[in-house]
Amino acid sequence: MFSGNIFNFSKKEALEKQRVFLVDDHTILIDGLKALLAEEDDYEVVGEAHDGEQALEFLKKNDIDILVTDYSLPKVDGLALVRILKRIKPDVKIIVLSMHRESHLVREILKEGVSGYILKNDSTNELLLALQHVRKDKVYLSTEINSMLIDSLKFQEETKLFSDREREILKLIAEEFSSRQIAEELFISERTVETHRRNMMKKAGTNTTIGLMKFGYENNLI
């Protein structure tokens, strides 16, 4: 069921080593992480899974110290996996290793109490730093994730400038309503809709609808 096995080690080693479980649907990434951690004295990879369902099956029956998981997983996604694990084994430290850098996704999973978030294109040193931090009950965010979150804070003041009407129109744009359909839906003129659209684009710092949508999703406006 799992290509990884639980390894036996002495009581002294058990006290020193952190039991790590890996979850990712790409075998090559799992193999790379195992090779990396095999060179470290402080960690022991006790198993692996390639989807969230397999991971939960293992985690319900076995004790671990640190979970390293992707955000996007088959069957049970990373967010659901984190939520369930935090409920059944709240002391397990969780590091998310993902390609997703969207601020709204990162904030959502950080709210669930994960101990670290790093990107797959980060250096291996970032993962080792994350492991060192979480085993000391500290939170670790990679350099790029830290920068992204700081940048997103700059937009929060901008989002306050979006009026209730503008947010209403933004949601309809996201649902692929045309300006005419929005006007009919909200009982306003099409010209008013276009004015609101231009104002929102200016506030979001973009001149395209795609840019406006990205801004809306990243700042939880949609």
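The values are calculated or read from the model by the stated rules, or taken from the named source; none is laboratory data. Source: prediction; values computed, not measured. Ideal geometry is used to build each Cβ from the backbone, glycine not excepted, and the neighbour counts take in all protein chains shown. Ligands, DNA and RNA are excluded from the accessible area calculation, which covers all protein heavy atoms including side chains. Shrake-Rupley method; radii C 1.70, N 1.55, O 1.52, S 1.80 Å.
Data overview
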quantity	calculated
Net charge over other residues, Cβ less than 12 angstrom from the Cβ of Val82 (K, R count +1; D, E count -1)	+2
Span per principal axis, largest first, for the Cα atoms of segment 31-136 (Å)	33, 31, 26
Kyte-Doolittle at least -1.0, axis length at least 18 Å by Cα - qualifying DSSP helices, the chain	143-159
Peptides ranked, highest mean first, by Cβ atoms within 10 Å: ranges 133-146, 107-120	107-120, 133-146
Cα-Cα separations in segment 93-222 greater than 27 Å, expressed as whole percent	35 percent
Accessible surface, per residue, of the chain when the full set of protein chains is kept, probe 1.4 Å, Å²	55 Å²
Percent accessible area from carbon and sulfur atoms, segment 67-222, protein chains only, probe 1.4 Å	51 percent
Candidate values (i) 16.6, 50; (ii) 21.8, 75; (iii) 19.2, 65, label of the one derived for Rg and Dmax of the Cα atoms in Å	(ii)
FRET efficiency estimate (nearest 0.05) - Cβ-Cβ, Thr209 to Glu184, R0 25 angstrom	0.85
